[in-house]
Amino acid sequence: MRIAVTGSSGLIGTALTDAVRRDGDEVIRLVRRPPRAADEVTWDPAAADGGLDPAALAGLDAVLNLAGAPVAARRWTQARKAELRASRITATAGLVAALQAMDHPPVTLLSGSAIGWYSDTGDREVDESAPAGTGFLAELVKDWEAAAGQARSAGIRVVTLRSGLVLARQGGLIGRLAPLFRLGLGGQVGSGTQFMSWIALTDHVRALRYLLGNQAIDGPVNLTAPEPVTNADFTAALAKALGRPALLRAPAVMIRTALGELSSELLASARVVPRRLLEAGFDFEYPDIADALAADFRAGTPAR
């Protein structure tokens, strides 16, 4: 296959690019700077057509759209909210416009999304059939998926990737928490009863490769492990994997004061299951949180 990838320098994009190249596929990386290698093509996420010449994308079989500014990097000011929307919705719309302009567009577009679609689900288990929730993040994800869906007018299969918390020691949530836990400063957040829907980076990449090849799957797909866990259980599993205690607790009021609206990312409950992947027969390598974290931090284990 010949695959174009946006966000190829991120945690998921880097792992995915390495994996598909090992399979013998060709990867074209869409980058926001001048190209430095033969496998790079410059694009402009702010441009109406992505700043892309359709000829530069000729011969593609699939596109993976993984670009987007980090949601939890800092407080959600109005300026930050505008940046989060532009990096997802504007960028996706421009990419789709470039694909629509091609004489022979790719067969498949896998486009980033998030379980923020569902908002706070409490103890209620939800799958891909659940409606969108309310709030900034849910609206962001809803508009993001709608922008990707426009590619269907060009006959492109569109899969929106509702990703949960991707676990890998070299970045993301674990990359931030591990140093604190190693210092004995780790602990549960708020009540600890809120559910966290997570997935090992290994399984996330495996699922992306599976979706590339499974033409029968279209529409939203939850990229989460089959067993969401509470924040208290997650905290205990991470502490055990690192061999450190986790005795502290961050009260909800402190989190809200420090992070404002962004605090909903830590305090809301997301009990999301990957119904479509399971029904399609996808086999998770790490369905259990303890096994996933232990494998990630096991001495001598290569970075995944």
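Would you mind giving the average projected area, over all directions, of the Cα convex hull of region 1-128 in nm² with one decimal? List each step's numbers first, then the result.
On the way: hull surface 38.3 nm².
Answer in nm², one decimal: 9.6.
So for the chain, what percent of the C-alpha to C-alpha distances run longer than 38 Å?
Numbers: 5360 of 46056 pairs.
Here the tail beyond 38 Å accounts for 12 percent of pairs.
Expressed in Å, the radius of gyration and Dmax of the Cα atoms of region 21-65 are 11.1, 34. Relative to the dominant Cα principal axis of the chain, helix 136-149 is inclined by about 30°.
Roughly how compact is region 162-238, stated as its Cα Rg over 2.2 N^0.38 Å to two decimals? Please report the intermediate quantities before stating the final value.
Numbers: Rg = 14.6 Å, N = 77, 2.2 N^0.38 = 11.5 Å.
Relative to the rule-of-thumb radius for its length, region 162-238 sits at 1.27.
Most simply put, the chain has about 10% antiparallel DSSP beta bridges, counting only bridges with both residues inside it. Against the chain, whose longest principal axis is taken from its Cα atoms, helix 231-242 shows a tilt of about 90°. DSSP assigns beta bridges within region 107-200; of those with both partners inside it, close to 10 percent run antiparallel. Scalar couplings 3J(HN,Hα) for region 166-171, obtained by applying the Karplus form with A = 6.51, B = -1.76, C = 1.60 to θ = phi - 60°, are 8, 9, 7, 5, 8, x Hz; x denotes Gly and Pro. Largest mean-square fluctuation among 271, 36, 80, in a Gaussian network model of the chain whose springs join Cα atoms under 10 Å apart, belongs to 36.
Axis of helix 172-182 versus longest Cα principal axis of the chain: the two differ by about 30°, to the nearest ten degrees.
Every number here is computed from the coordinates shown, using simple stated rules; none is lab data. Note that the structure is a prediction, hence the values are computed from the model and not measured.
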